[in-house]
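J.: After the structure tokens below, expect a handful of questions from me.
The values are calculated or read from the model by the stated rules, or taken from the named source; none is laboratory data. Just so we're clear, the structure is a prediction, and the values are computed from it rather than from any experiment. Please note: Cβ atoms are built from the backbone with ideal geometry, for glycine as well, and neighbour counts cover all protein chains shown. Side chains included, ligands, DNA and RNA excluded: accessible areas come from the protein's heavy atoms. Shrake-Rupley method; radii C 1.70, N 1.55, O 1.52, S 1.80 Å.
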Amino acid sequence: MSEAPDISDTFRFPVEDMTWATMRKIIEDLSKRATHIIHDNLHGWDNRRMEAAQTDALGKLLIGYNYLDRWIEHKKKVQDSEPF
């Protein structure tokens, strides 16, 4: 695991307690928002706008990745602690 801070700490909520259906919706929403940000900034191409859009979109994807990583790590710990 990386020693880098978890960007999802900024938007921390108990992802560990969520059902898979909820987690899937969060990941889908963040992915859709990231692609919409890029799409919306392709019209009226401007390097500064695209750089800002890229940063914003990548941030959303990174948050989704961190949420998913925390969720999976928690599920692995739960399964490891089950007797069967």
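J.: Please work out the average accessible area per residue across region 30-72, using the 1.4 Å probe convention, and give it in Å².
T.: 67 Å²
J.: So which lysines can residue 32 reach, going by Cα to Cα under 24 Å and dropping same-chain residues fewer than 8 places off?
T.: Within the straight-line cut-off, residue 32 pairs with 60.
J.: At what distance in nm do the modelled label points of residue 65 and residue 25 sit from each other, each positioned 7 Å from its Cα along Cα→Cβ?
T.: About 2.6 nm separates the two model spin labels.
J.: Computed FRET efficiency, Cβ-Cβ of residue 72 and residue 50, R0 22 Å: what is it to the nearest 0.05?
T.: It comes to 0.10.
J.: Points 7 angstrom from Cα along the Cβ direction at residue 82 and residue 39: gap in nanometres?
T.: Going from the residue 82 label point to the residue 39 one covers 3.8 nm.
J.: Rounded to the nearest 20 Debye, what is the dipole magnitude of region 36-84 about its Cα centre when Lys and Arg each give +1 and Asp and Glu each give -1 at the C-beta?
T.: Using only the charged Cβ atoms, the result is roughly 60 debye.
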